[in-house]
Amino acid sequence: MNAVSTQSEPETEADVTELARRALEYWGIREGEPELLKFRENAVFRIRLPGGQPAAMRIHRLGYHSDAALRSELQWMGFLQSAGIATPSPIVTQAGDLFVLVSTATSAQPRQADCLSWLEGRAVGARGVSLDYTPEQARHVFTAIGRTIAHMHNVTSAWTPPAGFARHAWDFDGFFGVNPTWGRFETSPFLDGPRRELVFQAREKAVKALSAHERSARNFGIIHADLVRENVLVHDGAIRIIDFDDCGYGWHMYDLAVALYQNREEAIYPLIEAALLDGYRQERALTAQDIAALPLFSALRAFAFLGWVQSRIEGDITRDVGMRMSAIAADVVIAYLRGG
């Protein structure tokens, strides 16, 4: 299922909050009001379980994932938690279900709702806001992030997914196929004539490079695929990973490229990149070919962003934000084109 094939309904905070209220009963919660924290792809609420402990409830975007895909996401998260990766744990309903379908009189179709354990921590950063770390702090944080990503890849490479496991793929078709995972960038209204021409030239270069790039169990598997600053928490010096909504099959280098993408304009970017790669190599090998492919995977993230932005305009984001995000993505793609 294409992640952007269906627009979210209902679209108001009041509607999704009512859905969350309906979902509470499946976890035996009869007191307290769900607190809306985020309303983008999914609506995320802070709730209190019957024992008093906090948890996160998600009301999922309509059509974003099939039931099988959502179940698979939660199964992988549960496995990572059991393998020592600090991630949220799925909290099953009183009936033992990983998620439920809820609806209201105003919702056209039932929506998926699930519940995850609450993770304390401070996000590494926010989109569009400069990092506030000293160089030494940044080195420590990004080295730890690199080690954590490698640990995720290591344990997952040895994992056999359960029967029926189904997730989308960040593979060639996921970026350049007829129905890309995050939508088609070619129809973006935010690329002017000269910039559009350069982006399409870069596409030709990336298509050729990705077609020839190694794909094996060594460098391809289940990945998080959205390790942006907001999805990486630091708590007592340890790294915690949240928001597995975009996880799927892909190249390991894509996880590293995504983790670096928002940091490209930082004055200490060379230090950040070196620390992330050094941390990764402390746990899992990287070849010279892997390192050389980092600009390619950065460009792939930018192509994906161009598709994501144009498919969500006037929905999740404003036109002004769309223009800024598209300009940044286009510049990344053009830098890849000119990089030789």
Label-point separation, Asn179 to Glu265 (7 Å along Cα→Cβ), nm | 3.5 nm
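If one computes P(r) from the Cα atoms of the stretch 214-253, what percent of pairs lie at distances over 13 Å? It would help to have the intermediate numbers written out before the result.
On the way: 439 of 780 pairs.
Pairs farther apart than 13 Å: 56 percent.
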Average projected area [Cα convex hull, the stretch 194-308], square nanometres = 8.3 nm²
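Provide the FRET efficiency to the nearest 0.05 for the Phe200-Tyr249 pair, computing r from the beta carbons and using R0 = 30 Å. Could you put the intermediate results ahead of the total?
On the way: r = 27 Å, r/R0 = 0.89.
So the FRET efficiency works out to roughly 0.65.
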For the stretch 216-277, listing chymotrypsin sites (Phe, Trp or Tyr not before Pro) in a DSSP loop whose Cβ sees at most 15 other Cβ atoms within 10 Å gives none
Starting from the amide H of Ala123, placed 1.01 Å from N in the peptide plane, find each other amide H under 5 Å away whose residue is 5 or more places distant or on another chain.
-> Val234
For the stretch 277-340, what is one quarter of the convex hull surface built on the Cα atoms, given in nm²?
-> 5.5 nm²
Whole-angstrom Cα spans of the stretch 204-270 along principal axes, big to small | 42, 29, 20
The alpha-carbon center of the stretch 143-160 and that of the stretch 164-189 are separated, in whole Å, by 24 Å
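Sum -39500 (n - 2.57) across every DSSP H segment of at least 4 residues in the chain, then divide by the residue count to get the 222 nm mean residue ellipticity, nearest 500.
Rounded to the nearest 500, it is -13500 deg cm²/dmol.
If you build the Cα gyration tensor of the stretch 33-106 and take the root of 5 times each eigenvalue, what three semi-axes come out, in whole angstrom, biggest first? Kindly include the intermediate steps, with their values, before the conclusion.
Details: eigenvalues 81, 59, 34 Å².
Over the Cα atoms of the stretch 33-106, the ellipsoid semi-axes are 20, 17, 13 Å.
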For the stretch 145-245, what does the equivalent ellipsoid look like in terms of its semi-axes, each the square root of 5 times an eigenvalue of the Cα gyration tensor, given largest first in whole Å?
-> 30, 19, 14
Semi-axes of the chain's equivalent ellipsoid from the Cα gyration tensor, sqrt of 5 times each eigenvalue, largest first, rounded to whole Å?
-> 32, 24, 19
Counting only protein heavy atoms and leaving out ligands, DNA and RNA, the solvent-accessible surface of Ser211 at a 1.4 Å probe, in Å² to the nearest 10, equals 80 Å²
Please work out the Kirkwood hydrodynamic radius for the stretch 76-144, using every pair of different C-alpha atoms, and report it in angstroms with one decimal place.
-> 15.7 Å
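Report the extension gain between Asp331 and Glu230 in nm, rounded to one decimal, defined as 0.36 nm multiplied by the number of residues separating them, less their alpha carbon distance. Numbers along the way, then the final one.
Working: separation 101, 0.36 × 101 = 36.36 nm, distance 2.22 nm.
Computed gain between Asp331 and Glu230 is 34.1 nm.
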Are there trypsin sites (Lys or Arg not before Pro) in the stretch 195-265 that DSSP marks as loop and that have at most 15 other Cβ atoms within 10 Å, and which are they?
-> Arg215, Arg218, Arg264
Evaluate E = 1/(1 + (r/R0)^6) for Ala217 and Leu37, where r is the Cβ-Cβ distance and R0 equals 41 Å; express this FRET efficiency to the nearest 0.05.
-> 0.65
Provide the solvent-accessible area of Asp15, counting protein heavy atoms only and rolling a 1.4 Å probe, rounded to the nearest 10 Å².
-> 40 Å²
Relative contact order for the chain using alpha-carbon pairs under 8 Å, separation at least 6, rounded to a whole percent?
-> 19 percent
Summed side-chain charge close to Arg71 - residues other than Arg71 whose Cβ falls under 11 Å, Lys, Arg +1, Asp, Glu -1 | -3
Kirkwood Rh (inverse of mean 1/r, distinct Cα pairs), the stretch 75-224, angstrom = 19.9 Å
Please list the helices of the chain that count as membrane-span-like by this rule: a mean Kyte-Doolittle hydropathy of at least 0.5 together with Cα atoms stretching 24 Å or more along the helix axis, each helix being a complete DSSP H run.
-> 294-312, 319-338
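So if R0 is 25 Å, what FRET efficiency would Glu136 and Ala158 give, r being the distance between their Cβ atoms, rounded to the nearest 0.05? Each step should come with its number before you reach the end.
Working: r = 34 Å, r/R0 = 1.36.
Once rounded, the FRET efficiency stands at 0.15.
The values are calculated or read from the model by the stated rules, or taken from the named source; none is laboratory data. Quick caveat, the model's predicted, so the values are computed rather than measured. Cβ atoms come from the backbone with ideal geometry, glycine included; neighbour counts cover every protein chain shown. Each accessible area value is taken on the protein alone, full model and side chains, heavy atoms only, with ligands, DNA and RNA left out. Shrake-Rupley method; radii C 1.70, N 1.55, O 1.52, S 1.80 Å.
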